[in-house]
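These notes are about the structure you will find just below.
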Amino acid sequence: MPTATPIPVGSCNGTPLNGSLTSGSGWLATGVAKAFDYPVQHGCDGTGVTVAVEIDTPINASDVSGYLNAAGVTQTGSVTNVAVDGGGNASSADYVETALDVETISGLAPGANIIVYNFPDLSSKSIEDGYNKTVADGIASVVNSSFGGCETSDTTFTNTTNTIAEQAAAKGMTFAASSGDSGSDECSTGNSPPGVSSPSSDPYFVAVGSVDFTDSSTGALTSITAGVDSANGFSSGGGYSTVFALPTYQQGIAGVNTAGRNNPDISLPGVGVMVYANGSQQQVDGTSWSSPEFCAFLAEAVQLHGAKFGFVNPTLYSVFKNSGYTDFTDVTSGSNGAYTAVAGYDLVTGIGAPKGWALANAL
């Protein structure tokens, strides 16, 4: 089992990512880091910070190496599998998800240590056991969950995971989850009514939605829209909770629906990423890419400040209230079904996309 290491205060002396922006199979780490001005481009590569990945399969180190070689990234952090309840099946169909999570974090924050807490399946019990093991270990600063399901299909799970995340926050740990890949119809009702995904709808989780973007030849962001790929049936999840009331941190935000906890909080790229799994490259979509991107970003921010953030949601919204789109990029086009991206906060992309270095300093 890895042990916690002191976080070096403000010691951002890493090397910026300078690899290829894309491969023939999609976006690579440098493409995201440059377009969204990640702290790694300013020397903060996550050194001294541990990120936990919650999933039902362990990672194969050779696939991580394959991705990093293609992306031109040199990893200095460690990757460790920790089995929970006997561990997951390495040949599971969910393995691509594991590879996506780990490769995203290792590619964007190559100095960070990653622990893959893997459990037998994505049942409520297995996920809760994985979370409880992570909190008990107390090593990770940031915890990623690239999965979810209709929040009302198992309200016990929805409430329990929120309670665990609250307990984790007391230890300085931040929980984040993908907002879902079925747009406003995460409960498969045909939007009658719309529904959101849990655990991202939990108030103690950072809910991460998706955007699509283009860049210049030098990697600068040139356009951004809501994360939708109709050809592959992908649409970034968003809406409002019917389980949780509007949290204090979202109150007073123009565009927020006061009926319940709004989803997502922020958004990051989720269309057309390259993942290296089972020895070869492939392209995938999903907020399953967006959530580990946020975890990599926050690991770098933890390194910058030399302190864990824990329950970071109030801080994210406080920064937005105080500085608006100085530290975020507004997303004003695209739809996830029942909702449309508009100026300001919306139920498709949340606040919008982080301006990495600016937001990291503002936190």
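The values are calculated or read from the model by the stated rules, or taken from the named source; none is laboratory data. Note that the coordinates shown come from a computational prediction; the quantities given were computed from them, not determined experimentally. With ideal geometry, Cβ positions are generated from the backbone for all residues, glycine too; neighbour counts draw on all protein chains shown.
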Filtering the range 74-112 for residues that are part of a loop (DSSP other than H, G, I, E, B) and of a type in the set (Val, Ile, Thr) leaves a count of 3
Could you say whether any residue in the range 94-105 is surrounded by fewer than 17 Cβ atoms within 10 Å (Cβ to Cβ), touching a residue at least 12 places away in the same chain (Cβ under 8 Å) and out of contact with any Asp or Glu (no Cβ under 9 Å at 6 or more places or on another chain)?
no
Note on residue 284: of the conditions (1) under 18 Å from residue 207 (Cβ atoms); (2) touching a strand residue (DSSP E or B) at 6+ places or on another chain (Cβ under 6 Å), unmet is (1)
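Restricting attention to the range 162-214, and to residues there that are of a type in the set (A, V, I, L, M, F, W, C) and farther than 26 Å from residue 301 by Cα, which single residue is surrounded by the fewest Cβ atoms within 10 Å (Cβ to Cβ)?
Of all residues in the range 162-214, those of a type in the set (A, V, I, L, M, F, W, C) come to 164-165, 168-170, 173, 175-177, 187, 196, 205-208, 211, 213.
The next check asks that each one be farther than 26 Å from residue 301 by Cα; those that pass are 187, 196.
Values: 187: 22, 196: 31.
It comes out as 187.
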Determine whether residue 133 is basic (Lys, Arg), surrounded by fewer than 24 Cβ atoms within 10 Å (Cβ to Cβ), touching a residue at least 40 places away in the same chain (Cβ under 8 Å) and closer than 26 Å to residue 305 by Cβ.
no
Need the failing condition index for residue 208 against (1) touching a Cys at 6+ places or on another chain (Cβ under 9 Å); (2) among the hydrophobic types (A, V, I, L, M, F, W, C); (3) at pLDDT below 95, just the number.
(3)
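Does residue 225 qualify as being of a type in the set (S, T, N, Q), touching a strand residue (DSSP E or B) at 6+ places or on another chain (Cβ under 6 Å) and more than 24 Å from residue 333 (Cα to Cα)?
Details: of a type in the set (S, T, N, Q): yes; touching a strand residue (DSSP E or B) at 6+ places or on another chain (Cβ under 6 Å): yes; more than 24 Å from residue 333 (Cα to Cα): no.
For residue 225, the condition - of a type in the set (S, T, N, Q), touching a strand residue (DSSP E or B) at 6+ places or on another chain (Cβ under 6 Å) and more than 24 Å from residue 333 (Cα to Cα) - is not met.
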Being closer than 17 Å to residue 283 by Cβ, of a type outside the set (A, V, I, L, M) and either out of contact with any helix residue (DSSP H, G or I) (no Cβ under 7 Å at 6 or more places or on another chain) or surrounded by fewer than 20 Cβ atoms within 10 Å (Cβ to Cβ) (or both) is the filter here; which residues of the range 62-93 pass it?
66
Can you tell me which of (1) assigned to a loop (DSSP other than H, G, I, E, B); (2) closer than 18 Å to residue 335 by Cβ; (3) of a type in the set (Gly, Ala, Ser) is the one residue 217 doesn't meet?
(2)
Scan the range 309-316 and give yes if some residue there is at pLDDT 95 or above, among the polar types (S, T, N, Q) and either under 17 Å from the mean Cα position of the chain (by Cα) or under 22 Å from residue 252 (Cβ atoms) (or both), otherwise no.
yes
